[in-house]
Amino acid sequence: MMTKMKRRSFLTLGAGIAAGLLRNSAQAAPKRKGNTPNIVLIFCDDMGFGDIGVNGAEGYSTPNIDRMAAEGMQFRNFYAGRSVCSPSRASLMTGCYPLRVGVKNNFGPKSRNGLHPGEMTIADVVKQKDYATAMYGKWHLGHLPDFLPIKQGFDEYYGLPYSNDMWPYHPDPRYNFPDLPLMEGEKILEYNSDQTKLTGEYTRRTIKFIKEHRDEPFFIYLAHAMPHVPLFTSKRFKGKTKRGTYGDVLEEIDWSVGQILKTLKKLDLDEDTLVIFTSDNGPWLLYGNHGGSAGPFREGKGTMFEGGMRVPCVMWWPGKIPGGEVCNELSSTIDILPTIAGLTGAPLPERKIDGLDIWPLMSGKPGAKTPHEVFYYYFGVHLQAVRSGKWKLHFPHDYNIVATPGVDGKHGKGAKVMIGLSLFDLSKDEGETTNLADKYPEVVSRLEKLAEEMRKELGDSAQNRPGPGIRELAWEEGARP
Ligand SMILES: [Ca+2]
């Protein structure tokens, strides 16, 4: 066990008295020196860019998230690694494009594989620096014992191993999902839990962990089940907003953020803690009033348009991240791992990663630019688009649109449509409406060259190209196909 000491008392005592205390106590070596922060990473599920107050949410309010933005920095060009759950989470945890670590699709109850335990997660990274680590919520990187969070650097785990709609009550009975486990560590606590309690219980455990580990560095990954369908809130939030259940759910998530920030302030940990609030992908528009809003962006979850890939993101660390600023430089969940490695002084994974340190953006360094010359939009093994600077080039691909939106938890009907080679100027046209490919052929060819560089590593199904740089998933013994 780590040596514990009351850090706060040192902050409030005079240096001389503190030094005296140090001499008088054999075990009193301050665990933490300098700027090594605690980290609380709040990851919502299917929350769209437009679902928070500062991005124009309507019919409900998110005062705590909005205050977090006022006291911290909002990232307006912040990307998920992919616009569906498992690949997006693989990106966040490993700092890689999901294809690089072999996560091409969502895992489910029947999956016999998971993210390879040889991949280094953010938890593994900070473990090198003796952080206490916990995860509460949806993992979705393999539910079998070998692939759970406690095998990927987390001391504690409590939550659902995959999506909250992968259960027998799915509105489409053709899915025929088995009972949904609620897990603690490797143990299944119960099946088909009362989901009205999830947001509250995840929050309660997060606060308990903060209190218990206030005197040593900690990393908490809080991955809410909400606002992924089926939507549930505790009684206190039910029926409270004009937006209906979706708004109620968002207000409970906002309450949760408020509780966490309040706890950090009360324990005098606010200036020692980086809090990141973001989402795994854009809104699930197929669910109509039970889905969120992509704000000004085109389409939503499951597509490679900005509405699927660009997620709300607020970062907060009083005294270190300037307050009330908006960062318009490109950054992504793949950057969180290397940035945390930089902040904690932990070595980076030995395996190749794609993310880059964005601390110069987060700390508001004057003139700081995105470290990414290019960002790749891989849909599974298909490279569907690339972005460089203000330009985004879609290669021809199909995608799903909403033909008839669902209502009150029932999913609607989708339809498949095509987009041809299309160039968009995201600085003037963030809704991706006006194709400029014919007007700027030199930009198209520059972006095509950048695409080609990654195809050599990760391949592209549109050109029948294999990806020599794609790493393997891990399989349950005997299950590898
Ligand atoms: Ca999701």
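The values are calculated or read from the model by the stated rules, or taken from the named source; none is laboratory data. From a predicted model like this one, the values you see are computed outputs, not experimental measurements. For neighbour counting, all protein chains shown are included, and Cβ atoms are generated from backbone atoms with ideal geometry for every residue, glycine included. Heads up: the accessible areas ignore ligands, DNA and RNA and are worked out on the full protein's heavy atoms, side chains in. Shrake-Rupley method; radii C 1.70, N 1.55, O 1.52, S 1.80 Å.
Worth pointing out:
- Residues that are under 20 Å from residue 145 (Cα atoms) and at pLDDT below 95, drawn from the range 169-194: none
- Scanning the range 130-150 for residues that are more than 16 Å from the ligand (Cβ to nearest atom), assigned to a loop (DSSP other than H, G, I, E, B) and either touching a helix residue (DSSP H, G or I) at 6+ places or on another chain (Cβ under 6 Å) or under 13 Å from residue 219 (Cβ atoms) (or both) gives 130, 131.
- Matching residues in the range 86-136 - criterion: being in contact (Cβ under 8 Å) with a residue 24 or more places away in the chain, of a type outside the set (Asp, Glu) and open to solvent by 30 Å² or more (accessible area, probe 1.4 Å): 104, 105, 106, 112, 116, 117, 118, 120, 127, 128, 129
- Neighbours by Cβ (under 6 Å, 6+ apart or cross-chain): first from the range 268-284, within 16 Å of the ligand (Cβ to nearest atom) and β-branched (Val, Ile, Thr); second in a loop (DSSP other than H, G, I, E, B) and at pLDDT 95 or above: 278/311
- Strands (runs of 3 or more DSSP E) wholly inside the range 276-390 containing at least 3 residues that are open to solvent by 50 Å² or more (accessible area, probe 1.4 Å): none
- Test: residue in the range 402-410 that is among the β-branched types (Val, Ile, Thr), exposed (fewer than 11 other Cβ atoms within 10 Å of the Cβ) and in a loop (DSSP other than H, G, I, E, B): no
- For the range 76-120, taking the residues that are within 30 Å of residue 261 (Cα to Cα) and over 13 Å from the mean Cα position of the chain (by Cα), the one that is farthest from the ligand (Cβ to nearest atom) is identified as 120.
- Identity of the residue in the range 188-244, among the hydroxyl-bearing types (Ser, Thr, Tyr), within 18 Å of residue 139 (Cα to Cα) and in contact (Cβ under 8 Å) with a residue 60 or more places away in the chain, that ends up farthest from the ligand (Cβ to nearest atom): 206
- Among residues of the range 439-481 being open to solvent by 100 Å² or more (accessible area, probe 1.4 Å) and touching a helix residue (DSSP H, G or I) at 6+ places or on another chain (Cβ under 9 Å), the one that is nearest to residue 102 (Cα to Cα) is 468.
- Counting the residues of the range 166-198 that are in a strand (DSSP E or B) and either open to solvent by less than 80 Å² (accessible area, probe 1.4 Å) or in contact with a strand residue (DSSP E or B) (Cβ under 7 Å, 6 or more places away or on another chain) (or both) gives 8.
- Residues located in the range 151-165, provided they are within 12 Å of residue 136 (Cα to Cα), in a loop (DSSP other than H, G, I, E, B) and either away from the ligand (no atom under 16 Å from the Cβ) or at pLDDT below 95 (or both): 154, 155
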